[in-house]
1. Identify, please: which residue in region 175-209 is within 23 Å of Glu14 (Cα to Cα) and part of a loop (DSSP other than H, G, I, E, B) and is, among those, most open to solvent (accessible area, probe 1.4 Å)?
2. Can you run down the residue pairs with Cβ atoms below 8 Å, 6 or more apart or on separate chains, where the first is in region 127-141 and free of Cβ contacts under 8 Å to residues at least 12 places away in the same chain and the partner is of a type outside the set (D, E, K, R)?
3. Take the residues of region 124-150 that are assigned to a strand (DSSP E or B) and out of contact with any helix residue (DSSP H, G or I) (no Cβ under 7 Å at 6 or more places or on another chain): which is most open to solvent (accessible area, probe 1.4 Å)?
4. Assuming Arg205 fulfils every condition listed in (1) in contact (Cβ under 8 Å) with a residue 40 or more places away in the chain; (2) over 20 Å from Val59 (Cα atoms); (3) basic (Lys, Arg) apart from one, which condition is it?
5. Does any residue in region 215-226 that is modelled with pLDDT of 95 or more and part of a loop (DSSP other than H, G, I, E, B) come within less than 6 Å, Cβ to Cβ, of a residue that is among the acidic types (Asp, Glu) and open to solvent by 70 Å² or more (accessible area, probe 1.4 Å) six or more places away or on a different chain, and which pairs are these?
6. Any chance region 110-119 includes a residue that's under 29 Å from Asp9 (Cα atoms), part of a loop (DSSP other than H, G, I, E, B), aliphatic (A, V, I, L, M) and at pLDDT below 95?
7. Working carefully through the options Ser61, Ser65, find the one that is of a type in the set (S, T, N, Q) and either in a helix (DSSP H, G or I) or open to solvent by 40 Å² or more (accessible area, probe 1.4 Å) (or both).
Amino acid sequence: MDSREICTDRRLAEFLVAYLGAWSDEDGLTVVGSDERTRPGWDGTVRDVVGVATPTGGVLSVRPSAADAVRAAVPTWADVPARLPAALDRPDAAVFSGVFRWTVDPAALPDVGEWVPALDQRVPQWLHPFGGQVLVRFDEDGRYAAGVGIKRHNSAGMEISVGTEAAHRGRGLATALVAQAARWIIAAGAVPIYLHDPANIASDRTARSAGFPDLGWRIIGVGTPR
(Lines give C-alpha, C1' and ligand atoms only; values in the text may rest on other atoms or scores of the structure.)
Protein backbone atom coordinates (compact mmCIF):
# COMPACT_ATOMS: atom_id res chain seq x y z
CA MET A 1 0.00 0.00 0.00
CA ASP A 2 1.41 3.40 -0.98
CA SER A 3 1.79 6.02 1.76
CA ARG A 4 -0.35 8.42 -0.26
CA GLU A 5 -3.24 5.95 -0.19
CA ILE A 6 -2.78 5.50 3.55
CA CYS A 7 -3.07 9.22 4.17
CA THR A 8 -6.42 9.45 2.44
CA ASP A 9 -7.83 8.46 5.82
CA ARG A 10 -9.13 11.72 7.25
CA ARG A 11 -8.40 10.89 10.87
CA LEU A 12 -4.78 9.98 10.25
CA ALA A 13 -4.18 13.08 8.12
CA GLU A 14 -5.77 15.34 10.74
CA PHE A 15 -3.67 13.75 13.47
CA LEU A 16 -0.43 14.20 11.53
CA VAL A 17 -1.16 17.84 10.74
CA ALA A 18 -1.99 18.58 14.38
CA TYR A 19 0.89 16.50 15.75
CA LEU A 20 3.63 17.70 13.40
CA GLY A 21 2.32 21.10 12.33
CA ALA A 22 1.95 19.99 8.69
CA TRP A 23 1.86 16.91 6.52
CA SER A 24 3.10 16.28 3.00
CA ASP A 25 2.54 13.50 0.48
CA GLU A 26 5.68 14.48 -1.43
CA ASP A 27 8.55 12.04 -1.83
CA GLY A 28 11.61 12.51 0.34
CA LEU A 29 12.07 14.42 3.58
CA THR A 30 9.99 17.51 4.31
CA VAL A 31 11.18 19.67 7.23
CA VAL A 32 8.61 21.93 8.88
CA GLY A 33 8.99 24.49 11.64
CA SER A 34 6.11 24.15 14.08
CA ASP A 35 5.10 25.84 17.31
CA GLU A 36 4.02 22.36 18.46
CA ARG A 37 7.71 21.70 19.15
CA THR A 38 7.78 24.51 21.72
CA ARG A 39 4.67 23.36 23.62
CA PRO A 40 4.28 20.67 26.27
CA GLY A 41 3.02 17.34 24.98
CA TRP A 42 0.55 14.93 26.57
CA ASP A 43 2.80 14.45 29.61
CA GLY A 44 4.01 18.03 29.96
CA THR A 45 7.31 17.38 28.17
CA VAL A 46 8.44 19.60 25.30
CA ARG A 47 9.78 17.52 22.40
CA ASP A 48 11.72 19.84 20.13
CA VAL A 49 11.82 17.40 17.22
CA VAL A 50 9.39 14.71 16.09
CA GLY A 51 9.35 13.00 12.73
CA VAL A 52 7.07 10.54 10.98
CA ALA A 53 8.75 8.76 8.08
CA THR A 54 6.93 6.71 5.45
CA PRO A 55 8.49 4.33 2.92
CA THR A 56 8.50 7.17 0.39
CA GLY A 57 8.51 10.43 2.36
CA GLY A 58 7.31 11.97 5.58
CA VAL A 59 7.73 15.05 7.76
CA LEU A 60 10.34 16.09 10.31
CA SER A 61 8.87 18.68 12.69
CA VAL A 62 11.25 21.00 14.54
CA ARG A 63 10.96 24.26 16.44
CA PRO A 64 10.58 27.21 14.02
CA SER A 65 13.94 28.73 14.96
CA ALA A 66 15.75 25.54 13.91
CA ALA A 67 13.92 24.84 10.65
CA ASP A 68 16.30 26.59 8.25
CA ALA A 69 19.39 25.02 9.81
CA VAL A 70 17.85 21.56 9.70
CA ARG A 71 16.77 21.94 6.07
CA ALA A 72 20.29 22.96 5.11
CA ALA A 73 22.07 20.23 7.05
CA VAL A 74 19.62 17.33 6.66
CA PRO A 75 18.44 17.04 3.03
CA THR A 76 17.35 13.38 3.18
CA TRP A 77 16.12 10.82 5.70
CA ALA A 78 19.43 9.00 5.33
CA ASP A 79 21.19 12.10 6.70
CA VAL A 80 19.04 12.30 9.84
CA PRO A 81 21.01 10.03 12.23
CA ALA A 82 24.39 11.65 11.59
CA ARG A 83 23.47 15.27 10.96
CA LEU A 84 20.28 16.12 12.86
CA PRO A 85 21.69 16.46 16.42
CA ALA A 86 24.32 19.02 15.35
CA ALA A 87 21.75 20.93 13.29
CA LEU A 88 19.68 21.24 16.47
CA ASP A 89 22.71 22.42 18.47
CA ARG A 90 22.55 19.15 20.41
CA PRO A 91 25.71 17.37 19.23
CA ASP A 92 25.70 14.94 22.17
CA ALA A 93 22.15 13.78 21.48
CA ALA A 94 21.18 10.68 19.50
CA VAL A 95 18.42 10.00 16.98
CA PHE A 96 16.08 7.12 17.72
CA SER A 97 13.55 5.43 15.48
CA GLY A 98 10.48 3.41 16.43
CA VAL A 99 7.75 1.57 14.57
CA PHE A 100 4.71 3.77 13.89
CA ARG A 101 1.43 1.86 13.57
CA TRP A 102 -2.19 2.91 13.33
CA THR A 103 -5.53 1.30 12.54
CA VAL A 104 -9.18 1.98 11.83
CA ASP A 105 -9.98 -1.74 11.90
CA PRO A 106 -8.83 -3.24 15.20
CA ALA A 107 -9.15 -6.97 15.81
CA ALA A 108 -12.63 -8.16 16.79
CA LEU A 109 -11.60 -9.48 20.18
CA PRO A 110 -13.82 -9.53 23.29
CA ASP A 111 -13.59 -6.69 25.80
CA VAL A 112 -11.51 -7.85 28.75
CA GLY A 113 -10.90 -4.62 30.69
CA GLU A 114 -12.75 -1.89 32.51
CA TRP A 115 -12.18 1.85 32.50
CA VAL A 116 -11.15 3.19 35.89
CA PRO A 117 -9.53 6.45 37.08
CA ALA A 118 -5.78 6.51 36.53
CA LEU A 119 -5.29 7.28 40.22
CA ASP A 120 -7.43 4.36 41.40
CA GLN A 121 -5.53 2.73 44.27
CA ARG A 122 -5.51 -0.61 42.41
CA VAL A 123 -3.74 0.91 39.39
CA PRO A 124 0.08 0.67 39.27
CA GLN A 125 2.15 3.83 39.30
CA TRP A 126 3.28 3.61 35.67
CA LEU A 127 -0.29 4.32 34.57
CA HIS A 128 -0.77 7.39 36.79
CA PRO A 129 0.79 9.98 34.42
CA PHE A 130 -1.75 9.20 31.69
CA GLY A 131 -4.51 10.85 33.70
CA GLY A 132 -8.22 10.50 33.05
CA GLN A 133 -9.43 6.95 32.63
CA VAL A 134 -7.20 3.94 32.00
CA LEU A 135 -8.26 0.51 30.76
CA VAL A 136 -7.43 -2.26 33.23
CA ARG A 137 -7.91 -5.99 33.59
CA PHE A 138 -8.06 -7.13 37.21
CA ASP A 139 -7.57 -10.75 38.21
CA GLU A 140 -10.06 -12.85 40.15
CA ASP A 141 -8.75 -11.35 43.38
CA GLY A 142 -9.22 -7.78 42.17
CA ARG A 143 -5.52 -7.16 41.59
CA TYR A 144 -4.03 -5.49 38.54
CA ALA A 145 -3.14 -7.96 35.77
CA ALA A 146 -2.73 -5.75 32.69
CA GLY A 147 -3.60 -2.24 31.59
CA VAL A 148 -3.60 0.41 28.90
CA GLY A 149 -2.89 4.12 29.20
CA ILE A 150 -3.92 6.62 26.53
CA LYS A 151 -1.55 9.36 25.39
CA ARG A 152 -4.01 12.03 24.30
CA HIS A 153 -1.83 13.83 21.75
CA ASN A 154 -4.74 15.75 20.22
CA SER A 155 -8.41 15.30 19.37
CA ALA A 156 -7.55 13.50 16.12
CA GLY A 157 -5.08 10.93 17.42
CA MET A 158 -4.39 9.03 20.64
CA GLU A 159 -1.54 6.64 21.37
CA ILE A 160 -1.92 3.35 23.23
CA SER A 161 0.59 2.11 25.83
CA VAL A 162 0.13 -1.35 27.37
CA GLY A 163 1.74 -3.33 30.16
CA THR A 164 1.09 -6.78 31.65
CA GLU A 165 2.23 -8.25 34.95
CA ALA A 166 4.66 -11.14 34.49
CA ALA A 167 2.33 -13.70 36.05
CA HIS A 168 -0.40 -12.89 33.51
CA ARG A 169 1.64 -12.83 30.31
CA GLY A 170 1.03 -15.26 27.48
CA ARG A 171 -2.76 -15.15 27.84
CA GLY A 172 -3.49 -12.54 25.18
CA LEU A 173 -4.57 -9.87 27.67
CA ALA A 174 -2.39 -7.14 26.16
CA THR A 175 -3.68 -7.84 22.66
CA ALA A 176 -7.33 -7.79 23.76
CA LEU A 177 -6.86 -4.61 25.79
CA VAL A 178 -5.13 -2.83 22.89
CA ALA A 179 -7.96 -3.78 20.52
CA GLN A 180 -10.56 -2.68 23.07
CA ALA A 181 -8.79 0.66 23.61
CA ALA A 182 -8.51 1.15 19.83
CA ARG A 183 -12.26 0.72 19.43
CA TRP A 184 -12.84 3.29 22.18
CA ILE A 185 -10.52 5.78 20.46
CA ILE A 186 -12.23 5.29 17.10
CA ALA A 187 -15.64 5.78 18.74
CA ALA A 188 -14.30 9.09 20.08
CA GLY A 189 -13.59 10.19 16.50
CA ALA A 190 -9.81 9.78 16.65
CA VAL A 191 -7.26 7.42 15.15
CA PRO A 192 -5.49 4.93 17.46
CA ILE A 193 -1.68 5.01 17.31
CA TYR A 194 0.72 2.31 18.53
CA LEU A 195 4.48 2.95 18.72
CA HIS A 196 7.22 0.57 19.78
CA ASP A 197 10.92 -0.22 19.60
CA PRO A 198 11.70 -2.33 16.50
CA ALA A 199 13.57 -4.79 18.73
CA ASN A 200 10.57 -5.37 21.01
CA ILE A 201 9.24 -8.66 19.68
CA ALA A 202 6.42 -8.83 22.24
CA SER A 203 5.12 -5.39 21.24
CA ASP A 204 5.34 -6.33 17.58
CA ARG A 205 3.27 -9.46 18.19
CA THR A 206 0.71 -7.60 20.32
CA ALA A 207 0.28 -4.84 17.74
CA ARG A 208 -0.14 -7.20 14.80
CA SER A 209 -2.61 -9.40 16.67
CA ALA A 210 -4.64 -6.36 17.76
CA GLY A 211 -5.01 -5.17 14.16
CA PHE A 212 -2.14 -2.68 13.88
CA PRO A 213 -0.13 -3.62 10.75
CA ASP A 214 3.47 -2.56 10.18
CA LEU A 215 3.33 -0.57 6.92
CA GLY A 216 6.93 0.57 7.07
CA TRP A 217 6.23 3.86 8.88
CA ARG A 218 8.61 5.08 11.58
CA ILE A 219 8.50 7.64 14.40
CA ILE A 220 11.68 9.71 14.78
CA GLY A 221 12.92 11.53 17.86
CA VAL A 222 16.08 12.89 19.47
CA GLY A 223 17.21 12.17 23.00
CA THR A 224 20.22 12.04 25.29
CA PRO A 225 21.89 8.62 25.31
CA ARG A 226 21.80 6.84 28.68
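1. So the first thing to find is which residues in region 175-209 are within 23 Å of Glu14 (Cα to Cα), and the list is 178-196, 207.
From the residues that got through so far, the ones that are part of a loop (DSSP other than H, G, I, E, B) too are 188-190.
On the way: Ala188: 59, Gly189: 37, Ala190: 0 Å².
Ranking the candidates gives Ala188 first.
2. Close Cβ pairs (under 8 Å, with a partner that is of a type outside the set (D, E, K, R)) amount to His128/Ala118; His128/Leu119.
3. First, the residues of region 124-150 that are assigned to a strand (DSSP E or B): 133-138, 144-150.
When the remaining residues are screened for being out of contact with any helix residue (DSSP H, G or I) (no Cβ under 7 Å at 6 or more places or on another chain), the result is 133, 136, 138, 144.
Working: Gln133: 77, Val136: 1, Phe138: 24, Tyr144: 26 Å².
By that ranking, first place goes to Gln133.
4. Unmet for Arg205, out of (1) in contact (Cβ under 8 Å) with a residue 40 or more places away in the chain; (2) over 20 Å from Val59 (Cα atoms); (3) basic (Lys, Arg): (1).
5. If the second residue must be among the acidic types (Asp, Glu) and open to solvent by 70 Å² or more (accessible area, probe 1.4 Å), no pairs are left.
6. No, region 110-119 contains no residue that is under 29 Å from Asp9 (Cα atoms), part of a loop (DSSP other than H, G, I, E, B), aliphatic (A, V, I, L, M) and at pLDDT below 95.
7. Working: Ser61 fails: either in a helix (DSSP H, G or I) or open to solvent by 40 Å² or more (accessible area, probe 1.4 Å) (or both).
It is Ser65.
A quick yes/no check of all residues on (1) surrounded by 13 or more Cβ atoms within 10 Å (Cβ to Cβ); (2) not hydroxyl-bearing (Ser, Thr, Tyr):
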position: Asp25; (1), (2): yes, yes
position: Gly51; (1), (2): yes, yes
position: Thr76; (1), (2): no, no
position: Asp79; (1), (2): yes, yes
position: Asp92; (1), (2): no, yes
position: Val95; (1), (2): yes, yes
position: Arg101; (1), (2): yes, yes
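The values are calculated or read from the model by the stated rules, or taken from the named source; none is laboratory data. Here the structure is a predicted model, which is why all the values come from computation and not from measurement. Don't worry about glycine lacking a Cβ; one is built from the backbone with ideal geometry, like all the others, and counts go over all protein chains shown. Please note that ligands, DNA and RNA were not included when accessible areas were found on the heavy atoms of the full protein model with its side chains. Shrake-Rupley method; radii C 1.70, N 1.55, O 1.52, S 1.80 Å.
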